Structure formats: C-alpha cells, structure tokens
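Structure first, then comments.
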Amino acid sequence: MKETPPEPPQPQATDPDQPAGEPSPAPVPHEGSPDDADDVLTVPEAAAILRVHPSTLYGAIARKEVPAFKVGRCLRLSRRVVAGLVACRPPT
C-alpha cells in the first residue's frame, strides 16, 4: 500500500474573519494623524523650530490658530504643519 505525503500546514489567519492563507490588509492611518513617530513634535520642539516661546505656541493652539492633537495628556504637532508655518513666516 502506498502512503501519501502529509499536506503542508496552512498558515493561520490572525483575523477570524480573514480566510486562512490570505494576507491581512495593511492598516490604514487615520486622516490627519502622522503615521510615523518621527513626524510628530512636542510643543517645545515645535516652538524651537518656529523660534517662539512655548507659551506663545500653546496660546496659538488654544485659539485654534495652529492645529495640534493630544497623545494621552500631551499635545503634539505634525512636522508637516510646523514646516508649513515656517514657510509662511516672514523673513526677519
């Protein structure tokens, strides 16, 4: 009698709704949130780039003149937003 070779194991899906053997889709970053930690600045870091005092930047964020978001209890700014503010700044 001839033995058949065992079948290779099927990869396990991490998502119960995802069929086995199919790759999971890549996560989609939320709109407006940075997808990399290097693209996020703290208020003191952004203030140093903008050459303003951190309290000036906190005030602009409170007045909604500068967009920011919270990570836990801490405010963060997108590096792209800060770069845009630098580009709009008049020369000194």
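Values quoted throughout were computed directly from the atomic coordinates according to the rules given, and no laboratory measurement underlies them. These numbers come from a predicted model, not from an experiment. Methodologically, a virtual Cβ is constructed for each residue, glycine included, from the backbone with ideal geometry; neighbour enumeration extends over all protein chains shown.
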Taking the Cα centre of segment 43-88 as origin, work out the dipole magnitude from +1 charges on Lys and Arg Cβ and -1 charges on Asp and Glu Cβ, in debye rounded to 20. 140
HN-Hα couplings for segment 58-68 via Karplus (6.51, -1.76, 1.60; θ = phi - 60°), in whole Hz with x for Gly/Pro, come out as 4, x, 5, 5, 5, 7, 6, 7, 10, x, 8
Taking amide H atoms as placed 1.01 Å from N in the peptide plane, list the residues 5 or more away in sequence, or in a different chain, whose amide H sits under 5 Å from that of Val66. Ile61
Two decimals is fine: what's Rg over Rh for segment 43-88, C-alpha atoms, Kirkwood radius as Rh? 0.92
Applying the Karplus parametrisation 6.51 cos²θ - 1.76 cosθ + 1.60 with θ = phi - 60° to the phi angles of segment 73-86, what ³J(HN,Hα) value in whole Hz is obtained for each residue in order, glycine and proline being reported as x? 9, 9, 7, 9, 10, 6, 4, 5, 5, 5, 4, x, 5, 5
